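Throughout, read-outs are computed from the coordinates displayed, never taken from laboratory work. No experiment lies behind these values; they were computed from the predicted model shown. Positions of Cβ are backbone-derived with ideal geometry, glycine not excepted, and every protein chain shown enters the neighbour counts.
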């Protein structure tokens, strides 16, 4: 028979051991690192929901049997390497990067063994991220939202919206050199085909965006094509307000930018891409290797037209655009 004092001692030992066991169970929960170059806002709330849905589709729920840890660079790209190194030290099961070239480069620089999932706007083979789309090899795979490949279509749609446009400004983020080089090359080729003149303007921070618009006004451009960069997506309200203030019709790469007041947008569904990397994250947690997961090519594209902004600019939205638009914003 166990005496009362011994029983209390055993009970106390069990109580002390329980939190340790709970902590050990929690520590065993796989951690997903999320490396994002911008700051959190409403758009990222939607995209994170899509990521969690993809994760849930494979049997993982954030906070129940997996944990997501975010690292936000707040548009300071020089912070990305240190943030990536933090995630590696945290011994995450994988790193999801969603800001194109700089974020992917930071993750690659931090680890060659931890799986890395990316969302990029360019061909990842051309960027040197994977050996091939079907068999990536190495520790990277993800989604190509092919926004850069849609440049010709975006210029064509902008021309339909503003038939008299001849000189088109192109806004690029010079801090993302690889994306900018591709954007300038693609725009130049597409513009020659349809007889447009282009002029490149650069901006890498809030003040430079203001300055770029002042330069566009001085140069008397007819319309604007905004490049596909995380920084510009995060500054969508500023861009839309400046374009409206200066009566400059502008084309954007994502639906959220048109919803923020931009005139027109055409591009891949970014939320769907986030859902897909959520699915891939779950598959990796179950043992799949990035080398064996094919890069997903986006197939869902969205055309959004802001009819309210068009009226403010004195433009009539062509019936042909209204007929094919996925979203008309009144």
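Looking at the chain, send over the antiparallel percent of its DSSP beta bridges, to the nearest 5.
Looking only at bridges with both residues in the chain, the antiparallel portion is about 10 percent.
Given the convex hull of the Cα atoms of the range 67-113, what is a quarter of its surface area in nm²?
3.1
Given contacts defined as C-alpha pairs under 8 Å and at least six residues apart, what's the relative contact order of the range 200-330, whole-number percent?
It rounds to 20 percent for the range 200-330.
If all Cα-Cα distances of the range 179-330 are sorted into 5 Å bins from 0 onward, what percent lands in each bin, rounded to whole numbers?
Histogramming the range 179-330 at 5 Å steps yields 2, 8, 16, 18, 19, 15, 9, 6, 4, 3, 1, 0 percent.
Put a dot 7 Å past each Cα toward the Cβ at residue 49 and residue 167; how far apart are the dots in nm?
Inter-label distance under the simple model: 4.3 nm.
Could you tell me the relative contact order of the range 263-330? Use alpha-carbon pairs under 8 Å, at least six residues apart, and round to a whole percent.
Averaging sequence separation for qualifying contacts and normalising by length gives 41 percent for the range 263-330.
Helix 270-285 versus the longest principal axis of the chain: what angle, 0 to 90°, nearest 10, using Cα atoms?
Result, in degrees: 30.
With angles folded into 0 to 90 degrees, how steeply does helix 236-245 sit against the dominant principal axis of the chain? Use alpha carbons for both and round to 10.
Between helix and principal axis, roughly 20 degrees.
The range 260-311: D in µm²/s via Stokes-Einstein (Kirkwood Rh, Cα pairs, 37 °C, 0.692 mPa s)?
246
How would you rank 44, 252, going from fewest to most other Cβ atoms within 10 Å of each one's own Cβ?
44, 252
Fewest Cβ neighbours within 10 Å first, please rank 90, 159, 220 accordingly.
Listed from fewest to most nearby Cβ atoms, that is 220, 90, 159.
Which FRET efficiency, nearest 0.05, do residue 160 and residue 29 yield, Cβ-Cβ r, R0 41 Å?
After rounding to 0.05, the efficiency reads 0.20.
Quick one: 36, 277, fewest Cβ neighbours within 10 Å first, how do they rank?
Fewest-to-most ranking of 36, 277: 36, 277.
What number in nm² do you get for the chain if you take the convex hull of its Cα atoms and divide its surface by four?
20.8
At a Förster radius of 35 Å, what calculated FRET efficiency corresponds to the Cβ-Cβ distance of residue 184 and residue 131, to the nearest 0.05?
0.85
Sort out for me the Cα centre separation of the range 31-69 from the range 211-242, rounded to whole Å.
The range 31-69 and the range 211-242 have Cα centres spaced 30 Å from each other.
Rounding to the nearest 10 and keeping the result within 0 to 90°, find how far the Cα-based axis of helix 206-219 lies from the longest principal axis of the chain.
The angle comes out at about 10 degrees.
Can you list, bin by bin at 5 Å, the percent of alpha carbon pairs in the range 177-252, starting at 0?
Going from the shortest bin to the longest, the percentages are 3, 14, 27, 27, 20, 9, 1.
Over 28 Å, how big is the tail of the calculated P(r) for the range 88-223, in percent of all Cα pairs?
31
Applying 1/(1 + (r/R0)^6) with R0 = 25 Å to the Cβ-Cβ distance of residue 79 and residue 307, what FRET efficiency is obtained, to the nearest 0.05?
Between residue 79 and residue 307 the formula returns 0.05.
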